[in-house]
Amino acid sequence: MPTKREREYYAMGFRDGQKAALPDLPPIGRDPGRWYMEEATKPKKRKLSAWNKFVKANSKKKIYRYANGKLKLKKMGIAFRKKKRR
């Protein structure tokens with residue numbers, strides 16, 4: 001009488017120390033029939049506001065950073081308003 005572990009091997013398709021043939025698996029990568037679902041689930045990128053663009057462009061500049069790395073938002077806001085007036 002086979003043990004429980006041996007029965008599991010038989011159920012998986014192993015016979016007499018040989019591996020069973022693997023089932024046909026779909027090719028690795030994108031399924032050509034599902035491309036529409038992938039694009040539908042992607043979140044759309046939102047357009048950045050003028051303020052967000054300004055912060056992104058100037059956040060690395062030393063004049064808008066404290067020594068600990070935080071941004072000087074008040075100074076950036078003043079510069080942004082001056083820039084907008086032009």
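Values in this text are rule-based calculations from the coordinates and carry no lab data. None of the values given here were measured: they were computed from a predicted structure.
Pairs from the table (Lys42/Lys72; Lys60/Lys82; Lys47/Lys72) lying more than 28 angstrom apart at Cα are Lys42/Lys72. Counting 0.36 nm for each residue step from Tyr66 to Leu48 and taking away their Cα separation leaves a gain of 4.0 nm.
Amide H to amide H, with H built 1.01 Å from N, Arg65 comes under 5 Å of Lys72, counting only residues 5 or more places away or on other chains.
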